[in-house]
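Below is one structure, written out as structure tokens; the observations come after it.
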Amino acid sequence: MLSVEELEDKLIDLAFAEDIGDGDHTTLCCIPEKEMGKSHLLVKEDGILAGVEVAKKVFSRFDPTMKVDVLLKDGTPVKKGDIAFVVTGKVRSLLQTERTMLNIMQRMSGIATMTHRYVERIAGTGAHVLDTRKTTPGMRVLEKQAVKIGGGMNHRIGLFDMILLKDNHIDFAGGISNAISRCHEYLKQKNLDLKIEIEVRNFEELQQVLDCGGVDRIMLDNFSVPDTRKAVELINHRFETESSGGITFDTIRDYASQGVDFISVGALTHSVKGLDLSFKAC
């Protein structure tokens with residue numbers, strides 16, 4: 001399995017390949033090869049800054065001679081007009097890395113900003129905001145980093161680091177008991193130590209899980225706020241609890257107030273607006 005660093009390197013290489021191709025002919029035709037310059041990252045919208053460390057890797061991977069002076073770190077609340085960093089190097093390198101860096105930083109900063117809003121919304125309830133696997137293909141590792149920078153938590157990175165028995169798994173397995181027992185048999189056979197979460201759609205399924213046991217967390221899928229309270233009381237701290245399904249910024253505090261441990265929000269990554277940033281000569 002590839003490490004986070006290796007995944008980042010592959011993503012950056014692919015971004016350069018699709019953007020530059022066989023050459024940035026606009027830059028190459030009008031900028032002398034040895035001309036030096038400076039550009040700064042200008043914040044044009046209030047939010048949470050994310051992607052600075054990745055941006056440094058973008059610059060160094062394209063041209064190791066580029067120098068980055070960081071003024072604002074990842075996780076910093078920023079306002080319109082702030083300067084996040086200044087980059088010194090060949091003008092050709094500044095121009096050719098601009099769009100790749102901005103695409104990454106605008107996306108990550110947008111996710112961090114939205115996550116921060118959700119985290120602040122449920123402050124004091126004891127619940128934690130989780131992301132999901134509803135991410136941009138190829139960018140998951142960066143998007144999940146951005147969630148953490150914004151104060152949220154990662155649910156799981158992929159299908160390999162946690163067991164999540166969802167409705168389709170349960171239906172295809174022939175029911176909750178079968179799904180859980182097969183899960184334990186598999187983990188034992190493969191000598192794996194993974195947490196197990198199971199999704200329930202109603203109180204009948206919840207009771208089956210409570211009777212069966214053998215899981216770490218129960219996901220309450222599309223439960224109403226009153227039913228969430230009832231379910232949390234039935235579970236009574238025997239398992240971790242997670243609310244999921246259609247929860248919005250307007251309703252998340254109502255769910256968090258019912259005593260759940262986690263609330264997963266797909267919108268953190270699948271519907272986010274990028275933070276407005278620009279890379280300007282200085």
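The values are calculated or read from the model by the stated rules, or taken from the named source; none is laboratory data. Fair warning: this is a prediction, and the values are worked out from it, not measured in the lab. Positions of Cβ are backbone-derived with ideal geometry, glycine not excepted, and every protein chain shown enters the neighbour counts. These area figures cover heavy atoms from the full protein model, side chains too; ligands, DNA and RNA do not enter into them. Shrake-Rupley method; radii C 1.70, N 1.55, O 1.52, S 1.80 Å.
Estimated at 0.36 nm per residue, the fully extended path between C30 and S278 surpasses their Cα-Cα distance by 87.1 nm. Normalising the Debye intensity of region 110-232 to I(0), with uniform scatterers on Cα atoms only, and taking log10 at q = 0.18 Å⁻¹ returns -1.09.
Over the chain, Cα pairs under 8 Å with separation of 6+ residues give a relative contact order of 23 percent.
Given their separation in residues at 0.36 nm each and the Cα-Cα distance between them, A173 and H237 gain 20.3 nm when the chain is fully extended.
Look at the dipole of the chain built from charges on Cβ: of F85, L159, A17, the Cα furthest out on the positive end belongs to F85.
Only Cα sites of the chain enter the Debye sum here, all with the same form factor; the resulting log10 I(q)/I(0) across q = 0.07 1/Å is -0.34, listed in q order.
Where only DSSP H runs of four or more residues are counted, the chain gives -14000 deg cm²/dmol as its mean residue ellipticity at 222 nm, each run worth -39500 (n - 2.57).
Equivalent-ellipsoid semi-axes for region 212-282 (Cα gyration tensor, √(5λ), whole Å, largest first): 34, 14, 10.
Seen from every direction in turn and averaged, the convex hull around the alpha carbons of region 119-159 projects onto 3.1 nm². The lysine pair count for region 1-84, using Cα distances under 26 Å and pairs eight or more places apart or on different chains, is 29. When +1 charges are put on Lys and Arg Cβ atoms and -1 charges on Asp and Glu Cβ atoms, the dipole computed for the chain relative to its Cα centre reaches about 680 debye. Note the count of lysine pairs whose C-alpha atoms are less than 17 angstrom apart in region 94-205, limited to pairs 8 or more residues apart or on different chains. Lysine pairs, 8 or more places apart or on different chains, close enough: 4. Remark: the Cα gyration tensor places region 91-162 in the oblate category, a/c being 1.5 or greater and a/b not exceeding b/c. For L42 paired with L192, estimate the spin-label separation in nm (one decimal), with each label point 7 Å from Cα along the Cα-to-Cβ line. Placing both labels 7 Å beyond Cα along the Cβ direction yields 5.0 nm. Remark: region 142-158, residue by residue, has Karplus-estimated 3J(HN,Hα) of 6, 5, 6, 4, 5, 4, 5, 4, x, x, x, 10, 7, 5, 7, 6, x Hz, where x stands for each Gly or Pro and the curve is 6.51 cos²θ - 1.76 cosθ + 1.60 at θ = phi - 60°. Any chance you could check the Cα centroid distance between region 39-67 and region 111-167 for me, in angstrom? Value for the Cα centre distance between the two parts: 23 Å.
Compared with the dominant Cα axis of the chain, that is its longest principal axis, helix 225-235 is turned about 60°.
For the residues H184, H25, H40, a GNM of the chain with alpha-carbon springs under 10 Å puts the largest fluctuation on H25. The accessible area of Y255, taken with all protein chains in place and a 1.4 Å probe, comes to roughly 30 Å².
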